[in-house]
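The values are calculated or read from the model by the stated rules, or taken from the named source; none is laboratory data. What you see is a predicted model; the values in this text were computed from it and never measured. The accessibility values were calculated without ligands, DNA or RNA, using every heavy atom of the protein model including side chains. Shrake-Rupley method; radii C 1.70, N 1.55, O 1.52, S 1.80 Å.
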Amino acid sequence: MDSIMLIVVMIAVFYFMIIRPENKRKKQAENMRNSLKKGERVTTIGGMVGRVVQVNDTTIVFETSEDRVRIEIAKWGIQSTESMEKAAAQTKGGLFGSKKAAAEEEPAKVEEIVKAEELPEEEATKDYDPEIK
């Protein structure tokens, strides 16, 4: 009886931790793709960015640059829209928020380390020999 109960609990945990959140993400992505409008800025799965020019049932056409290069792709190839990216950045930690903050702080940390490790000019010009201490 205990082993059956343990299996049921494991299946429930598996469902609530993996299957249900994945289904929510799929539904959100499908809603986003179905609500695309002309003029929205989109990013494809391949990383191309552009503005939507035309929306069809299964495809969209978007411009990638000022040269009016138009590309037609399937709707399932859209990863995100500008409004999605803004919403993610505004949420605490968001999808990309914590990584962006860390990336922005990184150059400052590197500069601090370099300044702390700067050697006087005469020591910096000496040849480095690891055996000599």
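Given their separation in residues at 0.36 nm each and the Cα-Cα distance between them, Met1 and Ala29 gain 6.0 nm when the chain is fully extended.
Note on Glu22: accessible area approximately 70 square angstrom, rounded to 10, probe 1.4 Å, nucleic acids and ligands left out. Counting protein heavy atoms only, the stretch 1-83 has 58 percent of its accessible area on carbon and sulfur, 1.4 angstrom probe.
Taking amide hydrogens as placed 1.01 Å from N in the peptide plane, the amide H of Gly50 sits under 5 Å from those of Val42, each at least 5 positions away in sequence or on another chain.
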